[in-house]
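What follows is one structure encoded as structure tokens, with my remarks underneath.
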Amino acid sequence: MDLFLNRYRNLSVLLVVIVAQLLLLAYQIKSNQDVRLIRVWAVTAVTPLARVLEGLRSNSIGFVTDYIVVLNVREENKRLRVDLDKMKMENQFLKTELSTADRASALSAFQKRTQSRTIAARIIGAGTSATSRVVFVDRGTTSGVQRGMAVVTPDGIVGKVQSVYPTSSQVLLITDSSFAAGVISQKHRVHGTLKGQGLGQTTGVVDYVQNEEVVEPGEWFYTSGDDLIFPKGMPVGIARVVRPGKVFKEIYLDPSGFQNGPEEVLIVLEGVHQIVPDGQPNPQGGIKLLTPPPTEQAPVLVQPEDPERAMKTDADRLRDRYKRIEETQGIQFGDAGRIPNFNAGPPPRKVEPAPRGVAPDPPAPATQQPAQARPQAQPQVPRGPAVRPSPETPIRPPAQKREAAPADPPVNQQ
Amino acid sequence: MTDFSDQILIDNPRKGRISRYKPAVLVLIPLGAILFQVYVPLFFQSLSYLEMPLLVTVYFALMRRQPIAGTLIGAAIGLMQDSLSHQPLGMVGIVKTLVGYFAASVSLRFDVENGAIRLILGFFFFFFHQFFYWVLARSLLGQDLHFDLQQTFLFGLLNAIVALPLFHILDKLKERT
């Protein structure tokens with residue numbers, strides 16, 4: 001310090017004198033607010049330092065506080081995540097419970113509605129074979145289940161009991177390639193045999209339907225009861241693709257019993273045949289629909305022919321025409337001599353006037369549409385992501401398989 | 001170095017001769033300068049441009065060749081001048097303190113008995129005094145003073161011219177060693 005003062009003595013003295021006079025000035029001078037300059041200087045000199053100190057203090061405290069808050073937020077975030085996971089699991093559990101309750105309610109309602117005696121069962125497992133479509137249910141011989149019993153849901157048939165064990169049963173699903181059941185179309189009452197397609201296919205095939213028979217896409221199929229397994233009148237599915245085949249029609253249908261992925265099913269202990277309903281079993285997913293409007297009677301323009309004639313074929317009508325030509329021209333077919341004039345045409349048949357309001361017979365019975373079946377003729381949008389054959393890309397089963405269809409288990413086997 | 005530079009520069013500050021004055025001279029001369037500053041402009045308005053206390057401060061600081069002495073002389077004369085003015089104490093004191101310090105510092109390098117040096121230093125320190133006072137008045141007192149550069153140059157030149165005979169008279173008051 002002494003060395004510093006000796007070395008910078010002149011400058012030190014100068015600074016001391018200047019500072020002393022500055023202090024003297026500050027003591028005398030007052031600012032515009034009547035505050036002495038020394039006070040202004042002191043405040044001005046101290047305030048920034050105090051501001052810096054206060055800033056450091058507040059920032060430090062703020063940093064510590066924020067850090068603590070962040071720690072708390074982190075802990076709270078963890079806790080909230082755990083709570084959220086719990087809530088998700090609980091929500092999922094409740095959804096499952098609700099779905100189970102809905103299905104159980106539906107099964108219970110169906111059990112009360114149907115005349116067949118059924119028992120509810122839960123699907124507890126699937127078959128281990130990759131080529132077969134079987135499932136296990138938790139009902140067996142102790143519950144009265146026997147081999148060959150039908151397994152259904154309110155939406156449609158599911159399969160039939162293939163093997164029975166004391167506490168469980170093996171159910172052959174209708175999508176298995178070895179499954180067969182008798183079915184009947186709702187609108188045209190066409191009988192056929194429902195067969196599964198096996199691996200990877202969720203559709204069924206209705207076989208043994210003549211090409212001349214009429215089946216429309218969107219038409220419902222019901223069990224016919226011919227197999228003596230499924231009671232008559234239970235829904236089977238909707239025909240999605242209908243086209244003429246080599247020998248029989250190719251009809252692909254979506255099984256209605258698989259639409260919701262059955263978990264609970266009903267095993268039919270004692271089946272009671274019912275009539276095939278005219279309406280859809282569950283039209284439009286449970287939406288209440290009005291009945292079709294009444295058909296207006298068209299004015300009678302042509303007198304109907306006799307009922308016997310209406311049932312005749314083209315050959316019969318041709319023979320009748322020739323017969324009238326023969327009577328009119330007075331000739332006998334097969335005799336030599338006069339040649340009949342076929343260009344003259346037969347005289348018009350005299351018919352008796354029919355009572356007003358009676359509709360005439362249509363010329364072709366195959367194109368006649370019952371009024372009640374009109375709404376069902378509309379094409380329905382297939383539901384679910386299942387792969388279904390379309391008219392553009394039909395899933396055509398192999399020819400040998402179709403030829404071997406009769407070798408499948410008979411429909412009416414027990 | 002040339003002969004001219006040898007005449008105005010001092011290689012070794014210790015070579016410079018320190019002038020000594022009687023204490024009465026150191027008191028009466030500044031006092032007389034202040035009295036001149038106070039009373040003469042009352043009767044001779046045209047002499048109000050003369051800054052006699054500044055010239056005396058510069059002279060004693062130059063001749064003492066000691067920055068501390070120059071600082072103290074400047075502070076004393078400045079405070080005395082402040083005490084006789086309406087300005088707060090210290091305004092002129094600070095300015096003259098700096099003038100005394102720098103003048104004494106300059107005297108260590110220059111031959112302050114040279115007439116040209118005295119003329120230049122007289123002009124420079126007058127300009128420095130007026131400018132620094134203007135700065136302090138604006139910064140510390142908040143006064144909105146006008147700094148007339150041309151007038152300051154002119155008055156600086158006149159004071160420098162007056163400083164030459166004044167310094168020569170004051171040289172007569174030095175103690176002879």
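Coordinate-derived values only; no laboratory data. Please read all numbers here as calculations on a predicted model, not as lab measurements. Note that we place each Cβ from the backbone using ideal geometry, even for glycine, and neighbour counts take in every protein chain shown.
Give me the percent relative contact order of region A:12-113, please, defined on Cα pairs under 8 angstrom at least 6 residues apart.
10 percent
Just to check I understand the Karplus step: with θ = phi - 60° and J = 6.51 cos²θ - 1.76 cosθ + 1.60, what whole-Hz values come out for region A:266-274, glycine and proline as x?
Using θ = phi - 60°, the values come out as 10, 9, 7, 7, 9, x, 10, 5, 10 Hz.
First check a/c for region B:23-177, with a ≥ b ≥ c the square roots of the eigenvalues of its C-alpha gyration tensor; if it is under 1.5, answer rounded, and if not, answer prolate when a/b is larger than b/c or oblate otherwise. Can you show the working numbers first?
On the way: a/c = 1.40, a/b = 1.38, b/c = 1.01.
It comes out rounded by the Cα gyration axes.
Counting other Cβ atoms within 10 Å of each Cβ, which GluC sites (Glu not before Pro) in region A:201-242 have at most 10 and sit in a DSSP loop? Write down the numbers at each step before the final one.
Details: sites: A:212, A:213, A:219; in loops: A:212, A:213, A:219.
For GluC sites (Glu not before Pro) across region A:201-242 that sit outside H, G, I, E and B with at most 10 neighbouring Cβ atoms in 10 Å, the list reads A:212.
Each residue of region A:178-195 in turn: what ³J(HN,Hα) in whole Hz from Karplus with 6.51, -1.76, 1.60 and θ = phi - 60°, glycine and Pro shown as x?
Karplus values, whole Hz, x for Gly and Pro: 9, 7, 8, 7, x, 10, 9, 6, 6, 7, 9, 6, 8, 8, x, 10, 7, 10.
Per-residue Cβ counts within 10 Å, from other chains only, averaged over B:89-98: what number is that? Write down the numbers at each step before the final one.
Values: counts 6, 11, 5, 1, 7, 8, 1, 1, 6, 3.
Counting Cβ atoms of other protein chains within 10 Å of each residue's Cβ and averaging gives 5.
Taking amide H positions as placed in the peptide plane 1.01 Å from N, state which residues far from residue A:234 in sequence (5 or more) or on other chains have amide H under 5 Å from it.
Distant-sequence amide H within range of residue A:234: A:223.
Among rounded, prolate and oblate, which fits region A:146-259 when a ≥ b ≥ c are the square roots of the eigenvalues of its C-alpha gyration tensor, a/c under 1.5 means rounded, and a/b larger than b/c means prolate? Before the final figure, lay out the partial values.
Numbers: a/c = 2.03, a/b = 1.79, b/c = 1.13.
It is prolate, given that a/c is not under 1.5 and a/b is the larger ratio.
Could you give me the ³J(HN,Hα) list for region A:240-250, computed from phi with Karplus coefficients 6.51, -1.76, 1.60 and θ = phi - 60°, whole Hz, x at Gly and Pro?
9, 10, 10, 8, x, x, 5, 10, 10, 5, 9
Using 1/(1 + (r/R0)^6) with R0 = 35 angstrom and r between the beta carbons of residue A:89 and residue A:113, what's the FRET efficiency to the nearest 0.05?
Values: r = 36 Å, r/R0 = 1.02.
My answer for the efficiency is 0.45.
Output the Cα-based Rg and Dmax of region A:100-194 in Å, rounding Rg to one decimal and Dmax to a whole number.
14.2, 42
Can you give the calculated 222 nm mean residue ellipticity of chain B, where each DSSP H run of n ≥ 4 adds -39,500 (n - 2.57) and the sum is split over every residue, rounded to the nearest 500 deg cm²/dmol?
Working: 7 runs with 122 residues, N = 177.
Dividing the helical sum by the residues of chain B leaves -23000 deg cm²/dmol.
Translational D (Stokes-Einstein, µm²/s) of region A:19-145 at 4 °C and 1.567 mPa s when Rh comes from the Kirkwood sum over C-alpha pairs? Don't skip to the end; give the middle numbers.
Values: Rh = 24.0 Å.
Estimated via Stokes-Einstein, D reaches 54 µm²/s.
Cα-Cα over 26 Å: which of A:95/A:232; A:112/A:249; A:160/A:232; A:112/A:195; A:88/A:160; A:95/A:195?
Values: A:95/A:232 35 Å; A:112/A:249 37 Å; A:160/A:232 14 Å; A:112/A:195 29 Å; A:88/A:160 38 Å; A:95/A:195 35 Å.
A:95/A:232; A:112/A:249; A:112/A:195; A:88/A:160; A:95/A:195, as the Cα separations exceed 26 Å there.
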